[in-house]
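The structure appears right after this line, and notes come after that.
The values are calculated or read from the model by the stated rules, or taken from the named source; none is laboratory data. What you see is a predicted model, and the numbers here were worked out from it, not measured in a lab. Ideal geometry is used to build each Cβ from the backbone, glycine not excepted, and the neighbour counts take in all protein chains shown.
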Amino acid sequence: MARIAGVNIPTNKRVVVALQYIHGIGETKAHEIMTKVGINEARRVNQLTDQEVIHIREAIDRDYQVEGDLRRETAVNIKRLMDLACYRGLRHRKGLPVRGQRTHTNARTRKGPAKTIAGKKKTPTAQ
């Protein structure tokens, strides 16, 4: 099992797919890394030599911000918005959607599970 950027990447998958297990590397960056290092994209992780793994590790360390550094920078950016008390910061602080989504019915991912209100009854319709 190869260890790159502090993450154990799976051995039986193709290298392009396995690199995406690292936080901050998606499909596009994985393809870029493979072309920079000069490894065929059809290769699997268990077929890589130690030298190729070292080249991949060096390319990621040199050119990309991944894992802990990326998570830290994201957290600092959100904290900065919250400290400024701008609209986006207030939405983060309240745990509501930040980018203008509706909250009347949806937004359960940000708001959490629905909380029932005791004593609230539906009004009967007039007949």
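Any chance you could count how many residues in segment 47-82 are free of Cβ contacts under 8 Å to residues at least 24 places away in the same chain and either outside any helix (DSSP H, G or I) or more than 20 Å from the chain's Cα centre (by Cα) (or both)? Before the answer, list the steps.
Filtering segment 47-82 for residues free of Cβ contacts under 8 Å to residues at least 24 places away in the same chain gives 47, 49-52, 54-55, 58, 62, 69, 72-82.
Keeping just the survivors that are either outside any helix (DSSP H, G or I) or more than 20 Å from the chain's Cα centre (by Cα) (or both) gives 47, 49-52, 54-55, 58, 62, 82.
Total satisfying the criteria: 10.
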### Message
Filter segment 83-109 down to the residues that are within 27 Å of I25 (Cα to Cα) and not in a loop (DSSP other than H, G, I, E, B) and list them by number.
### Response
R88, G89, H92, T109
### Task
Can you give me the number of residues within segment 48-95 that are within 19 Å of A2 (Cα to Cα) and among the charged types (D, E, K, R)?
7
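With respect to Q20, is the statement that it is farther than 30 Å from A114 by Cα and surrounded by 14 or more Cβ atoms within 10 Å (Cβ to Cβ) true?
Details: farther than 30 Å from A114 by Cα: yes; surrounded by 14 or more Cβ atoms within 10 Å (Cβ to Cβ): yes.
It is true that Q20 is farther than 30 Å from A114 by Cα and surrounded by 14 or more Cβ atoms within 10 Å (Cβ to Cβ).
The rows are residues; the columns are (1) touching a Leu at 6+ places or on another chain (Cβ under 7 Å); (2) modelled with pLDDT under 95; (3) exposed (fewer than 14 other Cβ atoms within 10 Å of the Cβ).
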| site | (1), (2), (3) |
| --- | --- |
| N8 | no, yes, yes |
| T11 | no, yes, yes |
| T28 | no, no, yes |
| N46 | no, yes, yes |
| E52 | no, yes, no |
| I56 | no, yes, no |
| E67 | no, yes, no |
| V76 | no, no, yes |
| K79 | no, no, yes |
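Can you tell me which of K111, K36, K122 is of a type outside the set (G, A, S) and surrounded by fewer than 13 Cβ atoms within 10 Å (Cβ to Cβ)?
Of K111, K36, K122, the one residue that is of a type outside the set (G, A, S) and surrounded by fewer than 13 Cβ atoms within 10 Å (Cβ to Cβ) is K122.
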